[in-house]
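Reviewing the structure listed below.
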Amino acid sequence: MPFAPTHILIVDDNEEILEAVSIMLTRNDYRVTAKNRVENFEQEVRSLSPSLILLDKNLGWVDGCDLCRLIKSISDLSVIPIIMFSAYYKKKEDCLEAGANNFLEKPFQMKLLLEMIASYVR
């Protein structure tokens, strides 16, 4: 049976972050879907069926905490780990209260992100 890479959904409105994190995760044998905007988050998560979600707190079109709360409120999707990130460390508490499994302050070290992801999916 062939190896099926772990699928990670990244949602961030910063194209540079999307590209950098996508490249790094792909090089570490993860399958990545990167989105800078999602119209129907629940539907997108259902169709992609990711193993983990990386979610920015401050999206230009919505508060990432609202998206996190949505996913964590749906019983069959609530098991998907969500790691949120923000350039504002003071937002950590908001993200964790919204149901995020973990939080990273931007800019973050890729090694720390990889370790955090591995703790949830491997």
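FYI, it's all coordinate maths here, none of it is from the lab. Given the structure is predicted, the values throughout are model-derived calculations rather than measurements. Here Cβ is always computed from backbone atoms with ideal geometry, including for glycine, and neighbour counts include all displayed protein chains.
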Response to the item:
With the dipole of the chain defined by +1 on each Lys or Arg Cβ and -1 on each Asp or Glu Cβ, the option from ILE117, ASN58, ILE80 whose Cα lies farthest towards the positive pole is ILE117
Item to complete: Just report the Cα centroid separation between the range 54-122 and the range 33-49, whole Å.
Response: 15 Å
Fill in: Test item: Cα-centred dipole of the chain, Lys/Arg +1 and Asp/Glu -1 on Cβ, debye
320 debye
Item to complete: Would you check the range 71-122 for Lys pairs whose C-alpha atoms are within less than 17 Å, ignoring same-chain pairs closer than 8 in sequence, and give me the count?
Response: 4
Practice prompt. Taking Cα extents along the principal axes in Å as the quantity of interest, determine which of (1) 63, 29, 29; (2) 41, 31, 24; (3) 41, 32, 31 was computed from the displayed structure.
Written response: (2)
Practice prompt. For the range 36-51, take each phi angle, set θ = phi - 60°, evaluate the Karplus expression 6.51 cos²θ - 1.76 cosθ + 1.60, and give the result in whole Hz per residue in order, putting x for glycine and proline.
Written response: 9, 7, 9, 6, 10, 4, 4, 4, 4, 5, 4, 6, 7, 6, x, 7
